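Report on one structure; see the data block that follows.
Computed from the coordinates by the stated procedures, all read-outs in this text should not be read as laboratory data. Worth saying up front: this structure is predicted, and the values here are computed from it rather than measured. In this analysis, Cβ positions are derived from the backbone assuming ideal geometry, glycine residues included, and neighbour counts consider all displayed protein chains.
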Amino acid sequence: MHCAEVSRNKSVVINGRKYAGHAFGRMQDQGFIPSVVENTIQNNIGLPNKYPGRVNFYDAVNNVYVVIENGEEGLDKTVESLEKMVASLLDEYLGMQDPQISEIAIVGDSTWLICPNCFDAWESMSSNSMVFCPTCEHVCHNPRFH
Ligand SMILES: [Zn+2]
């Protein structure tokens with residue numbers, strides 16, 4: 001079972017280990033994706049924690065447990081900062097070559113890429129080493145990266 005705790009300093013604690021910034025790759029290695037935390041908060045009703053000001057969220061589908069420290073009033077802010085954290089972690093991750101991924105996006109034309117997984121095309125001018133398909137959320141190598 002994964003225990004995830006999101007604190008005000010935008011780090012994520014999973015099973016007692018703290019993850020921040022550059023740790024996205026390590027989180028992936030362990031099968032943990034930041035969007036799982038986000039989904040847990042958005043799709044489940046928060047229950048009071050034994051500590052005042054903390055709210056528990058449990059997602060039975062992914063078996064993920066998330067604790068929000070600043071209570072229900074701060075939930076929107078927490079979700080917002082979590083979204084920013086996920087976006088910046090993803091940005092950082094896409095900037096590095098991932099040797100575990102072998103798939104390369106297909107060049108459609110000068111601005112479009114085609115996903116080798118779902119064959120959907122998206123507009124991308126990214127110069128990162130990895131790109132992210134917005135349809136199936138598949139990460140693959142950027143054919144324009146040199
Ligand atoms: Zn795709």
TODO: Quick one: in region 103-117, of everything that is touching a residue at least 24 places away in the same chain (Cβ under 8 Å) and more than 12 Å from the ligand (Cβ to nearest atom), which residue is farthest from the chain's Cα centre (by Cα)?
DONE: VAL107
TODO: Scan region 118-145 and report the pairs whose first residue is within 13 Å of the ligand (Cβ to nearest atom) and whose second residue is assigned to a loop (DSSP other than H, G, I, E, B) and among the hydroxyl-bearing types (Ser, Thr, Tyr), with Cβ atoms within less than 6 Å and a gap of 6+ or a chain change.
DONE: CYS118/THR135; ASP120/THR135; VAL131/SER124
